[in-house]
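Visitor: Sharing a structure here in structure tokens format.
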Amino acid sequence: MIVYFLLLVFSIVTLFIHSCTKNKIWGMLPFVGMAFVGGFRYNVGVDYPAYEWIYDYVNESPDNNDYIEVGFRVLMRFVNEKGGTVQLVFLIASVLTAFFYYHFIKDNSVNFELSTMLYLCLGPFYFSSFNGVRQALAISIVLYATKYCGKDNVKYIILVLFATTIHTSSILMLLLMFSTKLKENYLLYALGTYIVGAIATNSNIVNMILNRSSSYSKYIDHPGNYWDKSYLLFAAIIIFAFLFRPIWKRFDKKYMCLLAIVLALIAVGYGHEQYSMLMTRFIMWGSPIFIILIPQMVSMFKQKKELGVIICFVSILYYFNVARNGANMYPYMFNFKLLQ
């Protein structure tokens, strides 16, 4: 726990200095700390042993090209050819994820310090990168790319396609380009998405699709399928944002459309627990919007400083709960062996 505690203290101190000086170096330091802790962890996170196996499999079986996306496969083979270990892969992924999240928050948040604390402390964000390594990296790239969505769609498409070489589900984010043409009927979009999702899950359509995919078939009736009740809070925040006109009038339309999809997927997940892991994986594409939405909502109240402190306090409690009770998160161990 000492490592997680030191990371939190380091982040709070550097963010406080950043709020006073507005020097971007201090704003970058929390992400440096997160990249360090994430990149040098050893056997921390559920997927750590799986990526060790994948690294050996990809490099010992060069003719087997269908197990993992080409971009991450190229990274693993490049690291191996240069004499690196799987730990170097974790470090590279962690650094890149931190880099893209830093720019996403810097470009979109009205309160950089609060957004960074939310990213660090809330489980679906920073700590999720300890497990879904590829998806976390792909999500960070797409989030960074959203600044081009609707403005320079060529750049957006290129970055999304690049992210697809790391995690296939990234391709779905190309649909976000159409959100800029939609009207602001967000609850209606959520309802429509829910109806489609409910029909797909109540019929055999989802099973048929998943059984054709070696990557996603494992999510059907997985032993880990249970619905996290904390998503109810996320759903409540989304509904409040949709009903409170001053919020969605100030917030980017494409991000509101993403939240509509998140709300629908939360509703579908509660009704179909056997697909909860699958729904969670897709919700991860939209849930990072909370990192910038919550500060936007807080900024509209007179007591914004007090609200920010309360939110940070609750987030810190959640942070320690995940660090202490999350699957394979404790004890934390370092591994500095980057070369063979």
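The values are calculated or read from the model by the stated rules, or taken from the named source; none is laboratory data. Not measured: the values here are computed from a predicted model. With ideal geometry, Cβ positions are generated from the backbone for all residues, glycine too; neighbour counts draw on all protein chains shown.
Visitor: Out of the residues in segment 318-340 that are within 20 Å of the chain's Cα centre (by Cα) and of a type in the set (A, V, I, L, M), state the one that is surrounded by the fewest Cβ atoms within 10 Å (Cβ to Cβ).
Guide: Only one residue tops the list, namely Ala327.
Visitor: Look through segment 259-281, keep the residues that are surrounded by 20 or more Cβ atoms within 10 Å (Cβ to Cβ) and of a type in the set (S, T, N, Q), and return whichever of them is nearest to Gly132 (Cα to Cα).
Guide: Selected residue: Thr280.
Visitor: Val314 - would you say it is over 22 Å from the mean Cα position of the chain (by Cα), outside any loop (DSSP other than H, G, I, E, B) and aliphatic (A, V, I, L, M)?
Guide: no
Visitor: Can I ask one more? Among the residues of segment 273-298, how many are touching a Leu at 6+ places or on another chain (Cβ under 9 Å) and not in a helix (DSSP H, G or I)?
Guide: The number of residues fulfilling the criteria is 2.
Visitor: Please determine whether any residue of segment 128-136 is assigned by TED's automatic domain parsing to the domain that holds Val314, part of a loop (DSSP other than H, G, I, E, B) and surrounded by 17 or more Cβ atoms within 10 Å (Cβ to Cβ).
Guide: yes
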